[in-house]
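Following: one structure in structure tokens, then a few remarks.
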Amino acid sequence: MSETRGLLIVLSGPSGVGKGTVRAAVFKDNQYNYTYSISATTRKIRPGEVDGKDYYFMSREEFEGLIEQGALLEYTQYVGNYYGTPIQPIEEHLSKGHDVFLEIEVQGAMKVRERMPEGIFIFLAPPNISELESRIVGRGTDKQDIIYERMQKAREEIEMMKHYDFVVVNDQVENAVQKINAIIQSEHLRVERMIDAIKLQIQSYFQKGE
């Protein structure tokens, strides 16, 4: 694989673990110039979220139109709502050498893994299950039956951790961000990503001497 192609970074984890908060913190500094892939969803917009920045918020009819067009890298239904990833912007950025950061649900991440196994898959885990429940309740956006449903789903999703490349425990946001950045930068240094560029430099050097 050439180093000129960007990396697809997939950040995932159970609902309430703080994926959005950690992702926002990564991009607040964004010292490595990641490109954020905006997902589409049919769920209602939450306080503080911005359409076209956090998600593309749309109707079920609009979302199903994207499915029919084959315009999604992956999509899934979660707690009654669609979530999906438009594929064209991702491919455009990767081909230009940009690292693309994708924050999605666990089900969606598994579908991306099938289609783009070369991606870097990071599972964001809670410090413990009680803390996860506190975070979901603390949102104040879900009724008790939805909270119970999310907790049951979280249990299933945590068991999917084995399919990821890395696990980062979100005990403190700053710590999680540092670990995620370290993972990504280390991935850039893998031999298979560096070898072609280095071989090209060596070849160019010796061609000059001929």
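The values are calculated or read from the model by the stated rules, or taken from the named source; none is laboratory data. Treat the numbers as computed from the prediction; the structure is a model and nothing was measured. Reconstructed Cβ throughout: ideal geometry from the backbone, glycine too, with neighbour counts over all protein chains shown. Note: areas computed on protein heavy atoms with side chains; ligands, DNA, RNA excluded. Shrake-Rupley method; radii C 1.70, N 1.55, O 1.52, S 1.80 Å.
Taking the chain as a Gaussian network, Cα atoms linked when under 10 Å apart, which of Gly18, Gly48, Gly80 shows the biggest mean-square fluctuation?
Judging by the Gaussian network model, the answer is Gly48.
Given contacts defined as C-alpha pairs under 8 Å and at least six residues apart, what's the relative contact order of the range 52-135, whole-number percent?
19
With both bridge residues required to lie in the range 38-96, what share of the DSSP beta bridges run antiparallel, to the nearest 5%?
Counting DSSP beta bridges with both partners in the range 38-96, the antiparallel share is about 65 percent.
Could you tell me which of rounded, prolate or oblate describes the range 153-210, using a ≥ b ≥ c as the square roots of the eigenvalues of the alpha-carbon gyration tensor, with rounded for a/c under 1.5 and, failing that, prolate when a/b is larger than b/c and oblate otherwise?
oblate
Sorting check: for 34-45, 103-114, which peptide has the highest mean count of neighbouring beta carbons within 10 Å, and how do the rest follow?
Ranked from most to least packed, the peptides come out as 103-114, 34-45.
For the chain, calculate the relative contact order in percent as a whole number, restricting contacts to Cα pairs under 8 Å that are 6 or more residues apart.
32
At a Förster distance of 25 Å, what's the computed FRET efficiency of Ile67 paired with Gln88, Cβ-Cβ distance as r, to 0.05?
Computed FRET efficiency for Ile67 and Gln88: 0.95.
In the chain, which helices (entire DSSP H runs) extend 15 Å or more along their own long axis, judged by Cα positions, while averaging at least -1.0 on the Kyte-Doolittle scale?
Helices meeting the criterion: 19-29, 129-139, 173-188, 191-208.
Would the range 89-189 count as rounded, prolate or oblate if I go by the C-alpha gyration tensor, calling it rounded below 1.5 in a/c and otherwise prolate when a/b exceeds b/c, oblate otherwise?
It is prolate, given that a/c is not under 1.5 and a/b is the larger ratio.
Using the per-residue mean of other Cβ atoms lying within 10 Å as a proxy for protection, in what order, highest first, do the peptides 196-203, 163-170 fall?
Answer by packing, highest mean first, reads 163-170, 196-203.
What Kirkwood hydrodynamic radius do you get for the chain when you take the inverse of the mean 1/r over all pairs of distinct Cα atoms, in Å? Provide the component values of the computation, followed by the final result.
Details: mean 1/r = 0.0543 Å⁻¹.
Radius from the Kirkwood sum: 18.4 Å.
List the GluC sites (Glu not before Pro) within the range 15-94 that DSSP assigns to loop and that have no more than 16 neighbouring Cβ atoms inside 10 Å.
Answer by residue number: Glu49.
Per the 1.4 Å probe, what fraction of the accessible area of the range 142-210, in percent, lies on carbon and sulfur atoms?
C and S atoms contribute 55 percent here.
In the chain, how many lysine pairs have Cα atoms under 19 Å apart, counting only pairs 8 or more places apart or on different chains?
Lysine pairs meeting both conditions in the chain amount to 17.
Rolling a 1.4 angstrom probe over the protein chains, ignoring ligands and nucleic acids, what is the accessible area of Asp29 in square angstrom, nearest 10?
100
Rolling a 1.4 angstrom probe over the protein heavy atoms, how many square angstrom per residue are accessible across the range 38-96?
Heavy-atom SASA per residue in the range 38-96 reads 55 Å².
When only C-alpha pairs under 8 Å and at least 6 residues apart count, what is the relative contact order of the range 38-96, in percent?
Relative contact order for the range 38-96 comes out at 37 percent.
If you look at just the Cα atoms of the range 1-108, how large are its Rg and its Dmax in Å?
Rg and Dmax of the range 1-108, Cα atoms, are 14.0, 42 Å.
Using DSSP, restrict attention to beta bridges with both residues in the chain and report what percent are antiparallel, rounded to the nearest 5.
30
Taking every pair of Cα atoms in the range 46-85, average 1/r, invert it to obtain the Kirkwood radius, and report Rg/Rh to two decimals.
0.97
Taking a probe of 1.4 angstrom, what is the accessible area of Ser130 in Å², to the nearest 10?
Near enough 70 Å² of accessible area.
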